[in-house]
Amino acid sequence: EDDVLICEKADIILQNHSPVVPEDREIHADLLGLIQKCWDNAIKGDGQIRSGSLVDQMIKNMEEYTNGLEELVKRRTGLLEEAQQKADELLSELLPKSVAEELKVGRRVEAKNYKSASILYSDIVGFTSLCSESEPMEVVALLSGVFQKFDYIISVHNGYKMETIGDAYCVASGVPNPSKTEHVSNIATIALLQREHLIIDEASVKKISDGDSLVKKLVAAFL
């Protein structure tokens with residue numbers, strides 16, 4: 001009813017108050033005709049002045065605002081899921097998968113005792129002198145190339161990388177997934193493949209003073 005009363009009052013105002021151009025003002029004939037046409041349509045109800053109501057406009061605005069919020073939430077949710085995936089990948093690189101899964105759900109991880117396991121320690125002979133004769137980025141390229149190959153080897157032979165310190169590389173088999181005696185052969189295979197695949201891109205490493213290409217030797221200790 002309020003909308004009807006407002007519209008009726010608006011009709012009276014429109015009919016009794018036509019636009020008047022002051023005599024001292026000049027206005028283009030086309031613009032004057034456009035103003036008069038719009039005013040006539042408003043009086044007849046052909047324009048948009050009478051279409052809808054204040055409530056309808058508020059509802060429309062709320063719908064547009066809600067749709068905008070839904071799109072924003074969807075976009076932020078996608079960013080959150082992407083960040084969560086990266087965090088999970090990083091966590092799996094630092095901890096065994098079983099331990100990472102327990103920590104993600106807030107459970108306490110108890111220490112486990114393994115009756116039998118094999119551990120491999122390996123390093124590059126002469127690494128200290130090599131570093132003193134090489135540029136920093138050459139050393140980084142060397143370790144990156146070696147460790148990437150080592151990571152691939154242990155991934156296909158049931159090994160688990162415990163840690164890396166400088167050029168030292170520590171691998172275990174039989175943990176965190178227990179095995180009866182397979183861990184012994186796994187570690188032996190990993191050590192042999194490490195020696196076999198220890199081929200460094202000579203373009204990324206400086207040559208030693210006698211002109212020979214850098215030769216790397218891998219020493220391994222089994223426990």
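The values are calculated or read from the model by the stated rules, or taken from the named source; none is laboratory data. What you are looking at is a predicted structure, and each value in this text was computed from that prediction instead of being measured. Glycine also receives a Cβ, built like all others from the backbone with ideal geometry; neighbour counts cover every protein chain displayed.
Every test in (1) part of a helix (DSSP H, G or I); (2) at pLDDT 55 or above is passed by residue 158 save one, and that test is (1).
Look through the range 95-154, keep the residues that are of a type in the set (Ser, Thr, Tyr) and touching a residue at least 24 places away in the same chain (Cβ under 8 Å), and return whichever of them is farthest from residue 188 (Cα to Cα).
Kept after step one, since they are of a type in the set (Ser, Thr, Tyr), are these residues of the range 95-154: 98, 114, 116, 118, 121-122, 128-129, 132, 134, 144, 152.
With touching a residue at least 24 places away in the same chain (Cβ under 8 Å) added as a condition, the list becomes 98, 114, 116, 118, 121-122, 134.
Numbers: 98: 25, 114: 19, 116: 15, 118: 9, 121: 12, 122: 12, 134: 32 Å.
The residue in question is 134.
Taking the range 79-134 as the search range and keeping residues that are polar (S, T, N, Q) and in a helix (DSSP H, G or I), which one is farthest from residue 146 (Cα to Cα)?
Only one residue fits best here, namely 84.
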